[in-house]
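Q: One structure follows; several queries about it will come next.
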Amino acid sequence: MFGRILFPTDFSAYSNAVFDCLPELKSAGAQEVILLYVIRESDVPLPETVNRESLERVRWSAEELLNIAEMALKGKGLRTRTRIEYGSPAARIVEVAQEENVDVIVLGAQGSSLLAEVLLGSVAAEVLRRSRVPVLLLKFEVIRELGRVECRRICQGLFRRVLFPTDFSDCVLGAFQLVKNLKSAGTQEVIVLHVQDERFMRHRSPEQLAQFDQEDRERLERIERDLFLYGLPARTILRHGIPFREVMRVVEEENPDLIVMGTHGRGAVQEILLGSTLERVVRVCRHPVLAVPCPIHSLPAKDR
């Protein structure tokens with residue numbers, strides 16, 4: 001499923017915490033990891049008079065650290081290659097993912113804090129918006145003592161219990177196809193959630209609301225049966241309310257190990273679309289999130 005992984009790193013405590021989780025992905029089929037370091041334009045500006053000496057100094061330092069990381073992963077039984085690029089980190093991450101034909105990009109996000117808002121608002125958020133391959137955002141606890149930052153990883157049993165919010169749109173099919181293949185990764189239960197947006201439903205008659213409930217329960221039952229054929233026990237939940245709030249309520253109630261979400265969806269108020277529910281869940285949730293892009297043929301023409 002995730003045979004080839006792209007792991008962008010800046011060698012910070014946050015990146016190192018995610019790095020320690022990479023061997024855990026062997027249960028999901030991981031065989032090769034491409035370690036990527038992007039030299040930011042702001043770190044080594046390259047005007048007409050090229051600052052070659054500074055660039056080579058940064059590159060040499062990055063190569064040393066990448067080589068150490070490469071040896072560590074090989075010791076865990078993973079094939080590893082390294083790449084050093086120059087430019088905008090988010091843009092180069094997405095481009096390298098395409099060039100290397102990877103199955104997933106693995107990034108770190110700190111979880112619910114002001115710092116997480118800053119981190120997600122830059123590189124991770126941009127990668128989420130632009131990537132055509134799944135993006136796995138791992139979360140970790142941050143401990144600050146005496147000016148030091150230590151990150152405690154949260155990745156054991158990553159695929160054991162999975163929450164899958166769906167709006168039944170074509171754009172969520174990619175995420176559902178991935179969920180169906182999680183049995184080999186050790187998934188023991190899938191919780192399928194659908195939220196009827198109360199802002200869309202408030203002007204409907206009681207008869208219409210009852211009909212919507214019946215149709216959505218039937219859809220959820222079909223998903224449950226489909227997952228059962230793939231050897232995955234599933235439960236379904238139908239909620240009414242604001243999608244983001246209901247997703248977070250279910251996260252608190254069920255405490256899943258992983259949330260799998262599509263990056264686009266449908267809705268009169270576009271609440272499921274990336275930049276709304278998904279991005280808000282990623283920002284505030286302390287659980288890992290696997291964001292799966294919409295299949296190209298299902299995207300709106302302006303997003304293709």
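Q: All but one of (1) at pLDDT below 95; (2) under 30 Å from V251 (Cβ atoms); (3) buried (at least 19 other Cβ atoms within 10 Å of the Cβ) hold for V118; which doesn't?
A: V118 satisfies every listed condition except (3).
Q: Quick one: count up the residues across segment 279-304 that are at pLDDT below 80 and in a loop (DSSP other than H, G, I, E, B).
A: Selection size over segment 279-304: 4.
Q: Do you know which of the residues in segment 234-245 that are of a type outside the set (K, R) and either assigned by TED's automatic domain parsing to the domain that holds L137 or modelled with pLDDT under 95 (or both) is farthest from R202 (Cα to Cα)?
A: The residue in question is F244.
Q: Still on this structure: For segment 179-199, which residues satisfy the criterion of being closer than 13 Å to L227 by Cβ, part of a helix (DSSP H, G or I) and over 16 Å from the mean Cα position of the chain (by Cα)?
A: K180, K183
Q: Let me ask you something else. Among the residues of segment 188-211, write down those that are in contact with a strand residue (DSSP E or B) (Cβ under 8 Å, 6 or more places away or on another chain) and surrounded by fewer than 16 Cβ atoms within 10 Å (Cβ to Cβ).
A: If the condition is that a residue be in contact with a strand residue (DSSP E or B) (Cβ under 8 Å, 6 or more places away or on another chain) and surrounded by fewer than 16 Cβ atoms within 10 Å (Cβ to Cβ), then Q188, E198, M201 are the ones that fit.
Q: Here is a further query. In contact with a Gly (Cβ under 6 Å, 6 or more places away or on another chain), modelled with pLDDT of 90 or more and not in a strand (DSSP E or B): which single residue out of F212, F168, F159, F176 fits that description?
A: F159
Q: Separate question: If you check every pair at least six apart or on different chains, which have Cβ atoms under 7 Å apart with a residue in segment 63-89 that is closer than 14 Å to D10 by Cα and assigned by TED's automatic domain parsing to the domain that holds L25 first and a residue that is among the small types (G, A, S) and surrounded by 15 or more Cβ atoms within 10 Å (Cβ to Cβ) second?
A: From residues that are closer than 14 Å to D10 by Cα and assigned by TED's automatic domain parsing to the domain that holds L25, the pairs are I84/A62.
Here's the yes/no breakdown for (1) assigned to a loop (DSSP other than H, G, I, E, B); (2) within 17 Å of L158 (Cβ to Cβ); (3) modelled with pLDDT of 80 or more:
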site: M1; (1), (2), (3): yes, yes, yes
site: S15; (1), (2), (3): no, no, yes
site: E48; (1), (2), (3): yes, no, no
site: L55; (1), (2), (3): no, no, no
site: A62; (1), (2), (3): no, no, yes
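Q: Considering only residues that are in contact with a Leu (Cβ under 9 Å, 6 or more places away or on another chain) and of a type in the set (K, R), which ones fall in segment 59-88?
A: Residues satisfying the conditions are K76, R79, R81, R83.
The values are calculated or read from the model by the stated rules, or taken from the named source; none is laboratory data. Values in this document were obtained by computation on a predicted structure and should not be read as measured data. Glycine also receives a Cβ, built like all others from the backbone with ideal geometry; neighbour counts cover every protein chain displayed.
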